[in-house]
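See below for the structure under consideration.
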Amino acid sequence: MNSLLRSHQKAKMLVLLAGLFVVHIATAIMLFVSTIANVWMVADNVDFSVGLWKNCTSGNCDGSLTYGDEGAIKAVQAFMILSIIFSIISLVVFVFQLFTMEKGNRFFLSGSSMLVCWLCILVGVSIYTNHYAHSEVNFPFSSHQGYCFILTWICFCFSFIIGILYMVLRKK
Ligand SMILES: *[C@@H]1O[C@H](CO)[C@@H](O)[C@H](O)[C@H]1NC(C)=O
């Protein structure tokens, strides 16, 4: 009876860890997509968008950015790349800890890497929001936020939840 209960708990734990793993991979992929796809701001009436690297006309992304503030966009690029790196480090550490860590310990190392990832997203997306996300200022069309901008905010929420769960969960 007792061992049945234990194996039931263990199965629940495994499902939870597998779910976390999947959400973590999804977050890393979304971060990657939002960083490289140039669809952070989209013009309302013209087929035009800008991202962190290029401007796109009709899906053809080889225009240069004409944002005013070069330093700020470089900082956003840097923090988004850092966030990808830390989310991958966290994933690798998590898998490593899954096999090597002693039972009863928390996934502290992968949790803290993921919270660093969360901080990088926080800084990057805050700078972008502050400087560019509300702009007719940066290019001559009225515009709205594109899917990359929204994905990044979703990653912001997910990375926090994942980081906290890693910190809280004990290995069974
Ligand atoms: C987009 O890029 C092209 C080519 O570099 C540039 O001539 C154009 O001014 C840019 N458009 C806007 C609105 O920033």
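The values are calculated or read from the model by the stated rules, or taken from the named source; none is laboratory data. Keep in mind that this is a model prediction, so the values were computed, not measured. Positions of Cβ are backbone-derived with ideal geometry, glycine not excepted, and every protein chain shown enters the neighbour counts.
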Ala18 more than 16 Å from the ligand (Cβ to nearest atom), hydrophobic (A, V, I, L, M, F, W, C) and either within 22 Å of Gly163 (Cα to Cα) or surrounded by 15 or more Cβ atoms within 10 Å (Cβ to Cβ) (or both): yes
Being aromatic (Phe, Trp, Tyr) and free of Cβ contacts under 8 Å to residues at least 40 places away in the same chain: is that true of Trp153 here? yes
Being under 24 Å from Cys157 (Cα atoms) and more than 11 Å from the ligand (Cβ to nearest atom) is the filter here; which residues of the range 31-47 pass it? Leu31, Phe32, Val33, Ser34, Thr35, Ile36, Ala37, Val39, Trp40, Val42
Residue that is nearest to the ligand (Cβ to nearest atom), among those in the range 117-154 that are surrounded by 18 or more Cβ atoms within 10 Å (Cβ to Cβ) and β-branched (Val, Ile, Thr): Ile127
So Gly68 ticks every box in (1) modelled with pLDDT of 90 or more; (2) exposed (fewer than 15 other Cβ atoms within 10 Å of the Cβ) but one. Which box is left unticked? (1)
Give the residue, chosen from Phe160, Phe96, Phe141, that is over 20 Å from Ala37 (Cα atoms) and at pLDDT below 95. Phe96
If you scan the range 17-38, which residues turn out to be within 8 Å of the chain's Cα centre (by Cα) and of a type in the set (Ser, Thr, Tyr)? Thr27
Can you tell me which of (1) surrounded by 14 or more Cβ atoms within 10 Å (Cβ to Cβ); (2) part of a loop (DSSP other than H, G, I, E, B) is the one Ser90 doesn't meet? (2)
Of all residues in the range 155-166, how many are surrounded by fewer than 18 Cβ atoms within 10 Å (Cβ to Cβ) and farther than 12 Å from Leu20 by Cβ? 2
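Okay, residues lined up against (1) under 17 Å from Ala28 (Cα atoms); (2) in contact with a strand residue (DSSP E or B) (Cβ under 9 Å, 6 or more places away or on another chain):
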{"position": "Gly71", "(1), (2)": "no, no"}
{"position": "Lys74", "(1), (2)": "no, no"}
{"position": "Phe79", "(1), (2)": "yes, no"}
{"position": "Ile84", "(1), (2)": "yes, no"}
{"position": "Phe94", "(1), (2)": "yes, no"}
{"position": "Lys103", "(1), (2)": "no, yes"}
{"position": "Leu122", "(1), (2)": "yes, no"}
{"position": "Ile127", "(1), (2)": "no, no"}
Which condition from (1) at pLDDT 90 or above; (2) farther than 17 Å from Gln77 by Cα is the one that Lys172 breaks? (1)
I need the full set of residues from the range 126-150 which are in contact (Cβ under 8 Å) with a residue 12 or more places away in the chain and either aromatic (Phe, Trp, Tyr) or touching a Ser or Thr at 6+ places or on another chain (Cβ under 8 Å) (or both), in order please. Tyr128, Tyr132, Ser135, Asn138, Phe139, Phe141, Ser143, Gly146, Tyr147, Cys148, Phe149
If I filter the range 48-87 down to residues being within 23 Å of the chain's Cα centre (by Cα), in contact (Cβ under 8 Å) with a residue 60 or more places away in the chain and part of a strand (DSSP E or B), which single residue comes out as nearest to the ligand (Cβ to nearest atom)? Asn55
